[in-house]
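Input: a single structure, listed below in structure tokens.
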Amino acid sequence: MKPSVILYKKLPDDLLARLESHFNVTQLNDLSPQTVKQNAAAFAEAEGILGSSEKVDETFLTHTPKLRAASTVSVGYDNFDVAALTARRIALMHTPSVLTETVADTMMMLVLATARRAVEVAERVKAGEWQGSIGPDWFGIDVHHKTLGILGMGRIGLALAQRAHFGFSMPILYNARRHHQEAEDRFDARYCDLDTLLAESDFVCISLPLTEETHHMIGAEQLAKMKSSAILINAGRGPVVDEKALIQALQNGTLHAAGLDVFEQEPLPVNSPLLEMPNVVALPHIGSATHETRYNMAACAVDNLIAALTGEVKENCVNPQVLS
Ligand SMILES: NC(=O)C1=CN([C@@H]2O[C@H](COP(=O)(O)OP(=O)(O)OC[C@H]3O[C@@H](n4cnc5c(N)ncnc54)[C@H](OP(=O)(O)O)[C@@H]3O)[C@@H](O)[C@H]2O)C=CC1
Ligand SMILES: O=CC(=O)O
């Protein structure tokens, strides 16, 4: 008999067919307590789950006694209790690499859009305000040759450094837990401590995962260390930045602008002060959201689940110790 799995995200038809050729698939909308309660029998039998953006914690796992693998359609896995999964010998699979270049494009787009005020001035054009030659109140600031600070020199940080170095001749500073020789050799990136990076960068770009250590890593104290002409870009996870402190820095003018793809609460509440600020570009968590990349992520997640449940995992496992 084929193993049973729960699918809690829509898949393209060909990928669904591939999943169904290996497993008995139950499709659900989410993993909310209500859904779990209404489909208790399916959860009790499930050996695998596949989807994204839902919390998988100790309480959820009490309903899935046969679970052997969880496959997330994302590289970030902060919504999973990895320790609880590992304790139950459940493999957690994710989708690194397939989205790296697309997310780095998004970050570069945020650098350019905030510096050149692209969204703000485009809205002014649509509002009919372009009535003659534009003056300094429409001008932005240069990106090329400015200093780019990268927090988190992993896959995405490295791809961003490549764009900034070769495309825009930007000196690169970076901070991570360890030195990254490839970034230093290929992009002339300079490792520095967080305070130095904040003080010297014209753009501070966050491509960090959300962990206990990175939660609110950028708060009021850190924002105060940045140049008042600097721009903050966050495409890692919202809670890496203390959003209240960010709003205050933007309101006080101690920070020039912000480009944000992620927020402490998503979707961003419609009454967020960030939405009132012309110097904030707010995106709806679209870092990897192209047709090509979202397809590749879904395909990777399907292959990951098949590999995990057939005992053939070669890559993409967050907790490989459960496989031995
Ligand atoms: N906005 C979006 O749509 C997307 C957002 N993301 C986010 O981007 C994150 C990064 O992805 P990716 O580049 O593939 O991940 P990687 O694991 O390749 O890189 C993470 C980097 O963060 C660094 N890091 C982790 N913890 C700390 C810490 N406490 N202090 C300093 N540095 C730290 C790591 O340091 P070291 O190298 O020293 O280990 C590493 O350089 C994801 O976890 C996700 O949250 C990802 C995809 C899309
Ligand atoms: O935020 C997206 C991810 O893949 O992680």
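The values are calculated or read from the model by the stated rules, or taken from the named source; none is laboratory data. Predicted, not measured: the structure shown is a model, and the values here were computed from it. Because the Cβ atoms are built from the backbone with ideal geometry, glycine has one as well, and the counts that use them run over all protein chains shown. When the accessible area is computed, the model is the full protein with side chains, heavy atoms only, and any ligands, DNA or RNA have been set aside. Shrake-Rupley method; radii C 1.70, N 1.55, O 1.52, S 1.80 Å.
Here region 44-61 is the region considered, the condition is being within 18 Å of residue 3 (Cβ to Cβ) and assigned to a loop (DSSP other than H, G, I, E, B), and the residue that is least open to solvent (accessible area, probe 1.4 Å) is 46. Of 111, 125, 121, all but one fail to be assigned to a helix (DSSP H, G or I), open to solvent by 40 Å² or more (accessible area, probe 1.4 Å) and either within 15 Å of ligand 1 (Cβ to nearest atom) or out of contact with any His (no Cβ under 9 Å at 6 or more places or on another chain) (or both); the exception is 125. Of all the criteria given as (1) touching a Lys or Arg at 6+ places or on another chain (Cβ under 9 Å); (2) open to solvent by 30 Å² or more (accessible area, probe 1.4 Å), the one not satisfied by residue 311 is (1). Hey, any hits in region 237-254 for a residue that's out of contact with any Lys or Arg (no Cβ under 6 Å at 6 or more places or on another chain), assigned to a loop (DSSP other than H, G, I, E, B), within 13 Å of ligand 1 (Cβ to nearest atom) and within 18 Å of residue 153 (Cβ to Cβ)? Yes, the conditions are met somewhere in region 237-254. When you look at residue 306, is it more than 16 Å from ligand 1 (Cβ to nearest atom), open to solvent by less than 20 Å² (accessible area, probe 1.4 Å) and outside any loop (DSSP other than H, G, I, E, B), yes or no? Yes, satisfied. Annotation: residue 64 fulfils all but one of (1) within 16 Å of ligand 1 (Cβ to nearest atom); (2) buried (at least 18 other Cβ atoms within 10 Å of the Cβ); the unmet one is (1).
Within region 69-99, the set of residues being more than 20 Å from residue 10 (Cα to Cα) and open to solvent by 20 Å² or more (accessible area, probe 1.4 Å) comprises 78, 81, 82, 83, 86, 87, 88, 89, 97. State whether one or more residues within region 266-279 are more than 28 Å from residue 177 (Cα to Cα) and under 18 Å from the mean Cα position of the chain (by Cα). Looking through region 266-279, at least one residue is more than 28 Å from residue 177 (Cα to Cα) and under 18 Å from the mean Cα position of the chain (by Cα).
Is it the case that residue 237 is among the basic types (Lys, Arg), open to solvent by 20 Å² or more (accessible area, probe 1.4 Å) and within 16 Å of ligand 2 (Cβ to nearest atom)? Yes: the conditions hold for residue 237. A count restricted to region 144-157 and to residues that are surrounded by 23 or more Cβ atoms within 10 Å (Cβ to Cβ) and either assigned to a helix (DSSP H, G or I) or free of Cβ contacts under 8 Å to residues at least 60 places away in the same chain (or both) stands at 6. For residue 160, are the conditions met, namely being under 20 Å from the mean Cα position of the chain (by Cα) and part of a helix (DSSP H, G or I)? It is true that residue 160 is under 20 Å from the mean Cα position of the chain (by Cα) and part of a helix (DSSP H, G or I).
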